[in-house]
Amino acid sequence: MAIKAVVFDLGGVLFDWDAEYVYRELIPDDAARSHFLGHICNGAWRLQQDAGQSLQAGTDELAAAHPQHEMLIRLFYRRWPEMLRGTLPDGMAIFDALRQAGIPVYALTNWAAETWPYALTHYPFLQGFRRIVVSGQEGMAKPALPLYLLTHERIVMDMPDITPQEIAFIDDTRVNTEAAARFGWQGIHHTAAAQTAQRLRTLGLPL
């Protein structure tokens, strides 16, 4: 079955985002920094804000739980823009090639609602997506299956006859692509742009 639309994750696929960019300065010791980002300001904590919790509430709760790290915790979202270092050229090449080929492109991203306006303001390429589903605005985050259903419903608004099997989804987190596959999309775990491009070609897309 031919692929009629491609859905992109953003961070790690098209955007170069990494908390290390800030915390290498704040915590010079590699082991201490790894512990802080792995056990305190970690992915599970960030996912709460990506799922709709306010930055203030998330920060206050974590600071209360780890008062010895309060200053470092409060700097996370204050300096968040410095963690977004631009786009990833290899991923953008895939995005551009699909658009040039006339393939409709969408985005489904785990992203806090309060930091999303910064990205929209500073990265005009985002206007190239037909629609973008931002987890923080919807109050749920990947890999929650209802978020895939919501995204599919938004795509159907543009392409009424499309089926899940006709949609490819690119994400750098395996659990998210596995959820997409359970929903019926063609999940592509993005580890390298060349491999992702090859997978898209095997699905019949002109790259």
Can you work out which of the residues in region 92-122 that are more than 13 Å from the chain's Cα centre (by Cα) and more than 29 Å from PRO206 (Cα to Cα) is surrounded by the most Cβ atoms within 10 Å (Cβ to Cβ)? GLU114
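Looking at ALA2, is it open to solvent by 20 Å² or more (accessible area, probe 1.4 Å), within 30 Å of MET157 (Cα to Cα), at pLDDT below 95 and out of contact with any Pro (no Cβ under 7 Å at 6 or more places or on another chain)?
Answer is yes for this residue.
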Go through the residues of region 156-167 one by one and say whether even a single one is among the polar types (S, T, N, Q), open to solvent by 40 Å² or more (accessible area, probe 1.4 Å) and within 21 Å of TRP17 (Cβ to Cβ). no
Check on GLY52, over 30 Å from LEU203 (Cα atoms) and without any contact (Cβ under 8 Å) to a residue 40 or more places away in the chain: no
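Can you find even one residue in region 177-194 that is assigned to a helix (DSSP H, G or I), in contact (Cβ under 8 Å) with a residue 24 or more places away in the chain, open to solvent by less than 70 Å² (accessible area, probe 1.4 Å) and under 19 Å from GLY43 (Cβ atoms)?
yes
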Here are PRO28, PRO67, PRO89: which of them is under 21 Å from PHE8 (Cα atoms) and without any contact (Cβ under 8 Å) to a residue 12 or more places away in the chain? PRO89
Could you tell me which residue of region 17-39 is surrounded by the most Cβ atoms within 10 Å (Cβ to Cβ), considering only residues that are outside any helix (DSSP H, G or I) and not acidic (Asp, Glu)? ALA19
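The values are calculated or read from the model by the stated rules, or taken from the named source; none is laboratory data. This is a predicted model, so every value here is computed, not measured. Don't worry about glycine lacking a Cβ; one is built from the backbone with ideal geometry, like all the others, and counts go over all protein chains shown. With ligands, DNA and RNA removed, areas are computed over all heavy atoms of the protein, side chains included. Shrake-Rupley method; radii C 1.70, N 1.55, O 1.52, S 1.80 Å.
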